[in-house]
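Undergrad: Just dropping this structure here.
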Amino acid sequence: MRTWKATTAAVLELVAGALHLVAGVVVMLVSGALAAGLEIAGLSDVSAAVPVSVVAFIGIPLLLLGVSALVGGICALQEKHWGLALFGAICSIPPLAGVLGIVAIVLVVLSREEFE
């Protein structure tokens, strides 16, 4: 029987995943603009190192968390693959959507019997 818990968890995971994806893209765009600005300023040594480290340590993890949260949200919406739905809820926590992720975890755990 479908209840509101799994659907609400899915929506929260999808929102958190979208936030993570948007933040990851913004970080990558800003780091590219930073690299271009440093290159124009004549700091070519710094322009190569700073954006690469920003993208590697902030942008890519945000994108991975966003994709994982979206996949978990889709699984929760379909009420299949409880483990993936829970993993997506866990990936919804850091760093942008903490409250959304915590509520999504609680709702996924409470709605476990609804999943196939």
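The values are calculated or read from the model by the stated rules, or taken from the named source; none is laboratory data. All values reported here derive from a predicted model rather than from experimental measurement. Positions of Cβ are backbone-derived with ideal geometry, glycine not excepted, and every protein chain shown enters the neighbour counts. For the accessible areas, the whole protein counts, side chains as well, though only heavy atoms, and no ligand, DNA or RNA atoms are used. Shrake-Rupley method; radii C 1.70, N 1.55, O 1.52, S 1.80 Å.
Undergrad: Highest mean first, what order results for 67-75, 29-37 on Cβ atoms within 10 Å?
TA: Top to bottom by mean Cβ count within 10 Å: 67-75, 29-37.
Undergrad: Continuing with this model, one more query. Placing +1 at every Lys and Arg Cβ and -1 at every Asp and Glu Cβ, with all other atoms neutral, what dipole size does the chain have around its Cα centre, in debye to the nearest 20?
TA: The calculated dipole for the chain is roughly 220 debye.
Undergrad: Tell me, in nm to one decimal, what length is gained between Val26 and Leu77 on full extension, where the rule is 0.36 nm per residue of separation less the Cα-Cα distance?
TA: 15.6 nm
Undergrad: Pop out the carbon and sulfur fraction of the accessible area of the chain as a percent, whole number, probe 1.4 Å.
TA: The nonpolar share, carbon plus sulfur, comes to 78 percent.
Undergrad: So what's the net charge close to Ile74: Lys and Arg +1, Asp and Glu -1, counting the other residues with Cβ under 13 Å from its Cβ?
TA: -1
Undergrad: Along Cα→Cβ, 7 Å out, is where each label goes; now give me the distance between the ones at Val99 and Asp45 in nm to one decimal.
TA: 4.6
Undergrad: With the dipole of the chain worked out from charges on the C-beta (+1 for Lys and Arg, -1 for Asp and Glu) around the Cα centre, which of Cys91, Gly66, Ser111 lies farthest toward the positive end?
TA: Projecting each Cα onto the dipole axis, the largest value belongs to Ser111.
Undergrad: What whole-number value in Å² describes the accessible area per residue of region 57-114 for a 1.4 Å probe?
TA: That works out to 51 Å² for each residue.
Undergrad: Right, here's the next one. Which of the helices in the chain, when you take each full DSSP H run, stretch at least 20 Å along the axis at their Cα atoms and have an average Kyte-Doolittle score of -0.5 or higher?
TA: Qualifying helices, which must be both long enough and hydrophobic enough, are 4-40, 60-78.
Undergrad: Next up: Out of the GluC sites (Glu not before Pro) in region 11-92, which ones are loop residues according to DSSP with at most 16 other C-beta atoms within 10 Å?
TA: Sparse-neighbourhood loop GluC sites (Glu not before Pro): none present.
Undergrad: Please work out the C-alpha center-to-center distance from region 16-59 to region 65-107 and express it in whole Å.
TA: A separation of 27 Å, based on Cα centres.
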